[in-house]
1. Gly133: net charge of surrounding residues, Cβ under 12 Å, Lys/Arg +1, Asp/Glu -1, itself excluded?
2. Provide the gained length on full extension for the span Asn149 to Asn239, in nm with one decimal, where the gain is 0.36 nm per separating residue minus the Cα-Cα distance.
3. When only DSSP loop residues count, what chymotrypsin sites (Phe, Trp or Tyr not before Pro) in the range 168-258 have their Cβ near at most 12 other Cβ atoms within 10 Å?
4. Set the Förster radius R0 to 51 Å, insert the Cβ-Cβ distance between Asn191 and Ile256 as r into 1/(1 + (r/R0)^6), and round the FRET efficiency to 0.05.
5. Each label point is 7 Å from the Cα along the Cα-to-Cβ direction; what then is the distance between the points at Lys181 and Ile126, in nm?
6. At a Förster radius of 25 Å, what calculated FRET efficiency corresponds to the Cβ-Cβ distance of Ile95 and Thr206, to the nearest 0.05?
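Coordinate-derived values only; no laboratory data. Note that the structure is predicted; figures quoted are calculated from it, not measured. Glycine gets a Cβ as well: all are built from the backbone with ideal geometry, and neighbour counts include every protein chain shown.
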Amino acid sequence: MKTYLLPLLLAAASLTTLHVQAQDKPVLNTTPPGPPPAPARPVEPAPAPITPAEPAQQAPVQSTPDAPSGLEMPGREQTRKAAQAHADQSTKFFIYSGFGIGYSSNVYYDGGSLNLSLSPAIGYRINDRVAVGPGISYAYTNQTFGKGNPTLSLNNIGVKGFAQIQILDQFFVHAEYEVTKAQLPVVDANNNFIIVNNKFLTGSRTVESPLAGIGYRTPISDRVAADILVLYNFNNSFNNSIYGNPVIRFNFLFNIGK
């Protein structure tokens, strides 16, 4: 029995040695270790397709009270913006400084009548379109009669009240009522002037002058504007008037206060 066990043990030991050596032998056809692979690059999204921009739609033309057709006349928009800037800066009170001039021919005599006037006033705006106020007036009248007659010079001082209503853009209606302590020539029963020592005999009496007409306003700055007015004197009667027709006035408007 011992004779058979020894060869078997030797054979088993040989098989074990061969098996260990086979496991330690490198494996063929394998890739040697190398550097770590580079990280994958992120995939960028494809750009969105470019679509042509839609043309801007023009706002429909709309009519306004100042432009019924919806179309602006050249320069009118700039004028309106200046007027609006002036209106935005307008205050409740303003000073109205005026200079007037007028000339009319004498109906009953040769020559004519030249009128110069100063009429400062203080105005108060009731709203954006209506203004009223009191004032004073001074008028100088120079009348010529021709045919060697002397010249008549008169000085008159009075008080007045005025009102204005804006009607369109810078156009407005102007009306005033003036009461003046006037110096006027004295006439006889036949309405003939009385001349003493080659001078007209004059006297003082009260004259009422209702004036009305239209004006145009031009803004100069945010607080200053210039007006031109053409007025009609409704009391242009013989020897009872201190203004001829028409009465043209140039006024400056100064906003005061805040």
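1. Once all neighbours under 12 Å are counted, the net charge is +2.
2. Working: separation 90, 0.36 × 90 = 32.40 nm, distance 1.66 nm.
Once the chain is fully extended between Asn149 and Asn239, it gains 30.7 nm.
3. Numbers: sites: Phe171, Phe172, Tyr177, Phe193, Phe200, Tyr216, Tyr232, Phe234, Phe238, Tyr243, Phe250, Phe252, Phe254; in loops: Phe234, Phe238, Tyr243.
Qualifying residues, ordered by number: Phe238.
4. Efficiency, rounded to the nearest 0.05: 0.60.
5. 3.1 nm
6. 0.40
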